[in-house]
Every structure is written in C-alpha cells, then in structure tokens.
Amino acid sequence: QVQLVESGGGLVQPGGSLRLSCAASGSIFSINAMGWYRQAPGKQRELVAVIISGGSTNYADSVKGRFTISRDNAKNTAYLQMNSLKPEDTAVYYCNAPIRSSWSSAVNDYWGQGTQVTVSS
C-alpha cells in the first residue's frame, strides 16, 4: 500500500509564509515526479508546482518568485515553501505523485488527502 500524507496547512495573514510537506510511504520502488496542486472553492484543481527526480522544477505563473518546491529523495518527501501569501492563494492543496510500487511494474498516480491553506487578515 502506498499513500501520500500532506501537512503544514493553516491560517496565515497576507504576506505571511507557510511550508507544506508531502510524505510518501509504503512499498515504493521509485517516484519520478512530485507535485502540488490546489483547488479553491468553485474552481478547478490547478497545478502549483512540480519537481522531478533530477531536481528540475516548474511553477504556475501565479506563484513564481513566491513559492519554492523542493524534495528529499531519501525521505520520499516533497515540500512547498510559500512566501508572500495572498488571499487568492486560499485553497485546498493536494500532493500528487506517479509512483511505481515494489510489487508491480505499473506506475500509478497517487493523491494526498489535501490540506487547507487560508490567507486572510
């Protein structure tokens, strides 16, 4: 069984910072990429940032220069450092990763349960 567990969400004032974590656990053979998505009320889920195993990153234009994605491959954990937060960053943030498990050659797409980020004064 493979699962992703997010942590680190919460309530923060505009201009503040939060750090999200996403830990993958279970019978994992390999993880190529890990990404963060978010979904605000009434809106579609959107990609925030992604990091591949070699360290290359990609960001949504709306978060470039404010958010930083990083990864600890030894811990199968990804992080999202969010600075200069704005009210429009308010959403449920989800971790996503295509993972090959130890017991199969198939690569399956896994999602975390989501963590709420609220930016408000």
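Name the pairs whose Cβ atoms lie under 7 Å apart, with the first residue in the stretch 55-84 and in contact (Cβ under 8 Å) with a residue 12 or more places away in the chain and on the phi > 0 side of the Ramachandran plot, the second outside any loop (DSSP other than H, G, I, E, B) and of a type in the set (A, V, I, L, M, F, W, C), and 6 or more positions between them or separate chains?
From residues that are in contact (Cβ under 8 Å) with a residue 12 or more places away in the chain and on the phi > 0 side of the Ramachandran plot, the pairs are ASN76/ALA23; ASN76/ALA24; ASN76/ILE28; ASN76/ILE31.
Just to be sure I understand, how many residues within the stretch 15-43 are assigned to a loop (DSSP other than H, G, I, E, B), of a type outside the set (Lys, Arg) and closer than 15 Å to THR90 by Cβ?
Residues in the stretch 15-43 being assigned to a loop (DSSP other than H, G, I, E, B), of a type outside the set (Lys, Arg) and closer than 15 Å to THR90 by Cβ: 6 in total.
Given the options ASN73, ASN58, ASN83, name the one that is of a type outside the set (D, E, K, R), within 16 Å of GLY10 (Cβ to Cβ) and loosely packed, with under 15 Cβ neighbours inside 10 Å.
ASN83
Only one of LEU47, LEU11 is exposed (fewer than 13 other Cβ atoms within 10 Å of the Cβ), in a strand (DSSP E or B) and at pLDDT 95 or above. Can you tell me which?
Result: LEU11 is the single residue among LEU47, LEU11 that is exposed (fewer than 13 other Cβ atoms within 10 Å of the Cβ), in a strand (DSSP E or B) and at pLDDT 95 or above.
Quick one: in the stretch 105-121, of everything that is closer than 14 Å to GLY16 by Cβ and out of contact with any helix residue (DSSP H, G or I) (no Cβ under 7 Å at 6 or more places or on another chain), which residue is surrounded by the most Cβ atoms within 10 Å (Cβ to Cβ)?
Here the residue is THR118.
Within the stretch 88-104, can one find any residue that is in a strand (DSSP E or B) and either open to solvent by 50 Å² or more (accessible area, probe 1.4 Å) or farther than 22 Å from VAL5 by Cβ (or both)?
yes
The values are calculated or read from the model by the stated rules, or taken from the named source; none is laboratory data. The structure presented is a predicted model; accordingly, all values stated were derived computationally and were not measured. With ideal geometry, Cβ positions are generated from the backbone for all residues, glycine too; neighbour counts draw on all protein chains shown. Accessible surface areas use protein heavy atoms only, side chains included; no ligands, DNA or RNA. Shrake-Rupley method; radii C 1.70, N 1.55, O 1.52, S 1.80 Å.
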